[in-house]
Amino acid sequence: MPTASRLAIIAILCISLNAFADAPGPAPASAPVRTILERHDQTAVAGKEIVLGTALLPAGSAIGFHTHPGDEVGYVLKGPLVLKKKGQPDRILKTGDTFFNARGEIHSLTTQPGSEGGTAVSTWIVDKDQPLSTPAPN
(Lines give C-alpha, C1' and ligand atoms only; values in the text may rest on other atoms or scores of the structure.)
Protein backbone atom coordinates (compact mmCIF):
# COMPACT_ATOMS: atom_id res chain seq x y z
CA MET A 1 0.00 0.00 0.00
CA PRO A 2 1.39 3.44 -0.92
CA THR A 3 2.52 5.68 1.87
CA ALA A 4 1.25 9.21 2.34
CA SER A 5 4.46 10.67 0.87
CA ARG A 6 4.10 8.54 -2.26
CA LEU A 7 0.49 9.66 -2.67
CA ALA A 8 1.60 13.29 -2.31
CA ILE A 9 4.30 12.86 -4.99
CA ILE A 10 1.81 11.18 -7.35
CA ALA A 11 -0.69 13.99 -6.77
CA ILE A 12 1.97 16.67 -7.50
CA LEU A 13 2.98 14.86 -10.72
CA CYS A 14 -0.64 14.62 -11.87
CA ILE A 15 -1.24 18.33 -11.23
CA SER A 16 2.00 19.23 -13.05
CA LEU A 17 1.13 17.08 -16.07
CA ASN A 18 -2.36 18.57 -16.20
CA ALA A 19 -0.96 22.11 -16.10
CA PHE A 20 1.53 21.22 -18.85
CA ALA A 21 -1.28 19.82 -21.03
CA ASP A 22 -3.29 23.03 -20.60
CA ALA A 23 -0.32 25.30 -21.39
CA PRO A 24 -0.94 27.58 -24.35
CA GLY A 25 0.73 26.60 -27.57
CA PRO A 26 0.41 27.57 -31.18
CA ALA A 27 -3.20 27.56 -32.29
CA PRO A 28 -3.96 24.93 -34.91
CA ALA A 29 -4.70 26.35 -38.35
CA SER A 30 -8.41 26.35 -39.09
CA ALA A 31 -9.54 24.26 -42.00
CA PRO A 32 -11.46 25.65 -44.98
CA VAL A 33 -15.24 25.30 -44.81
CA ARG A 34 -17.19 24.41 -47.94
CA THR A 35 -20.94 25.02 -47.88
CA ILE A 36 -23.36 23.85 -50.58
CA LEU A 37 -26.14 26.44 -50.96
CA GLU A 38 -28.19 24.97 -53.85
CA ARG A 39 -28.18 21.83 -55.97
CA HIS A 40 -30.51 21.31 -58.98
CA ASP A 41 -30.82 19.04 -61.99
CA GLN A 42 -29.88 20.92 -65.16
CA THR A 43 -32.99 21.50 -67.25
CA ALA A 44 -33.19 19.34 -70.38
CA VAL A 45 -29.67 17.95 -69.86
CA ALA A 46 -29.80 14.38 -68.59
CA GLY A 47 -27.20 13.38 -66.03
CA LYS A 48 -26.05 16.94 -65.19
CA GLU A 49 -26.63 19.10 -62.14
CA ILE A 50 -25.87 22.68 -61.16
CA VAL A 51 -24.34 23.23 -57.72
CA LEU A 52 -23.84 26.58 -55.96
CA GLY A 53 -21.54 26.81 -52.95
CA THR A 54 -19.05 28.81 -50.95
CA ALA A 55 -15.54 28.20 -49.67
CA LEU A 56 -14.42 30.05 -46.54
CA LEU A 57 -10.64 29.90 -46.14
CA PRO A 58 -9.31 31.10 -42.77
CA ALA A 59 -5.82 32.61 -42.68
CA GLY A 60 -3.13 30.05 -43.46
CA SER A 61 -5.50 27.45 -44.89
CA ALA A 62 -5.78 25.74 -48.26
CA ILE A 63 -8.09 23.53 -50.26
CA GLY A 64 -5.68 20.93 -51.59
CA PHE A 65 -5.25 19.98 -55.24
CA HIS A 66 -8.42 18.42 -56.64
CA THR A 67 -10.59 18.05 -59.74
CA HIS A 68 -14.32 18.33 -60.50
CA PRO A 69 -16.50 16.16 -62.76
CA GLY A 70 -17.53 19.29 -64.68
CA ASP A 71 -16.82 23.00 -65.05
CA GLU A 72 -16.51 25.52 -62.21
CA VAL A 73 -16.90 29.28 -62.39
CA GLY A 74 -16.20 31.34 -59.27
CA TYR A 75 -16.24 34.82 -57.78
CA VAL A 76 -14.08 36.08 -54.88
CA LEU A 77 -16.24 37.66 -52.19
CA LYS A 78 -13.22 38.41 -49.98
CA GLY A 79 -9.59 38.11 -50.96
CA PRO A 80 -6.81 37.82 -51.57
CA LEU A 81 -6.75 34.13 -52.44
CA VAL A 82 -4.28 32.18 -54.57
CA LEU A 83 -5.50 29.92 -57.38
CA LYS A 84 -2.95 27.25 -58.23
CA LYS A 85 -3.28 25.20 -61.43
CA LYS A 86 -0.96 22.40 -62.52
CA GLY A 87 1.40 23.68 -65.23
CA GLN A 88 0.43 27.35 -64.81
CA PRO A 89 1.72 30.24 -62.69
CA ASP A 90 -0.15 30.95 -59.47
CA ARG A 91 -2.86 33.59 -59.82
CA ILE A 92 -3.62 36.08 -57.03
CA LEU A 93 -7.39 36.60 -56.78
CA LYS A 94 -8.54 39.87 -55.23
CA THR A 95 -12.03 40.71 -53.99
CA GLY A 96 -14.28 40.94 -57.06
CA ASP A 97 -12.11 38.72 -59.30
CA THR A 98 -13.58 35.74 -61.14
CA PHE A 99 -12.03 32.39 -62.06
CA PHE A 100 -12.76 29.31 -64.16
CA ASN A 101 -11.66 25.69 -63.76
CA ALA A 102 -12.40 23.31 -66.63
CA ARG A 103 -13.60 19.74 -66.11
CA GLY A 104 -10.78 17.58 -64.75
CA GLU A 105 -8.32 20.47 -64.36
CA ILE A 106 -6.11 19.95 -61.29
CA HIS A 107 -6.28 23.05 -59.10
CA SER A 108 -6.05 24.33 -55.53
CA LEU A 109 -7.22 27.44 -53.68
CA THR A 110 -5.18 28.86 -50.79
CA THR A 111 -4.97 31.99 -48.73
CA GLN A 112 -2.26 34.48 -49.60
CA PRO A 113 0.50 34.35 -46.97
CA GLY A 114 0.06 37.11 -44.40
CA SER A 115 -3.59 37.71 -45.31
CA GLU A 116 -6.65 37.30 -43.12
CA GLY A 117 -8.06 34.61 -45.42
CA GLY A 118 -10.91 34.88 -47.86
CA THR A 119 -14.17 33.60 -49.29
CA ALA A 120 -15.19 32.48 -52.77
CA VAL A 121 -18.54 31.47 -54.23
CA SER A 122 -18.62 28.92 -57.06
CA THR A 123 -21.09 27.36 -59.44
CA TRP A 124 -20.35 23.93 -60.85
CA ILE A 125 -22.08 22.20 -63.75
CA VAL A 126 -21.15 18.60 -63.05
CA ASP A 127 -22.04 14.99 -63.70
CA LYS A 128 -24.91 14.01 -61.43
CA ASP A 129 -24.31 11.36 -58.75
CA GLN A 130 -20.53 11.97 -58.74
CA PRO A 131 -18.48 13.46 -55.89
CA LEU A 132 -18.26 17.24 -56.32
CA SER A 133 -14.48 17.05 -56.00
CA THR A 134 -11.83 14.35 -56.06
CA PRO A 135 -8.40 14.83 -54.42
CA ALA A 136 -5.47 14.97 -56.85
CA PRO A 137 -1.77 14.46 -56.18
CA ASN A 138 0.27 17.56 -55.37
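The values are calculated or read from the model by the stated rules, or taken from the named source; none is laboratory data. Bear in mind that the values here come from a model prediction, so they are computed numbers and not experimental data. Cβ placement follows ideal geometry from the backbone for every residue including glycine, while neighbour counts extend to all protein chains displayed.
May I ask you to say which residue of T111, T43, T98 is surrounded by fewer than 16 Cβ atoms within 10 Å (Cβ to Cβ), modelled with pLDDT of 95 or more and touching a strand residue (DSSP E or B) at 6+ places or on another chain (Cβ under 6 Å)? From the options T111, T43, T98, the qualifying one is T98. With respect to the conditions (1) over 24 Å from S30 (Cα atoms); (2) of a type outside the set (D, E); (3) without any contact (Cβ under 8 Å) to a residue 24 or more places away in the chain, G114 falls short on a single one, namely (1).
Of all the residues that make up the range 75-93, how many are surrounded by fewer than 13 Cβ atoms within 10 Å (Cβ to Cβ) and farther than 17 Å from G114 by Cα? Total satisfying the criteria: 3.
Reported count of residues in the range 63-91, each being farther than 16 Å from T110 by Cβ and among the β-branched types (V, I, T), is 2. Against the numbered list (1) modelled with pLDDT of 95 or more; (2) under 20 Å from N138 (Cβ atoms), L52 comes up short only at (2). Of the listed requirements (1) in contact with a Pro (Cβ under 6 Å, 6 or more places away or on another chain); (2) of a type in the set (K, R); (3) closer than 25 Å to K128 by Cβ, R103 misses just one: (1).
Among residues of the range 71-123 being part of a loop (DSSP other than H, G, I, E, B) and polar (S, T, N, Q), the one that is nearest to L52 (Cα to Cα) is T95.
Among residues of the range 33-45 that are farther than 18 Å from S133 by Cβ, those with a Cβ under 8 angstrom from a residue that is surrounded by 11 or more Cβ atoms within 10 Å (Cβ to Cβ) and acidic (D, E), sequence gap 6+ or separate chain, pair up as H40/E49; D41/E49; Q42/E49.
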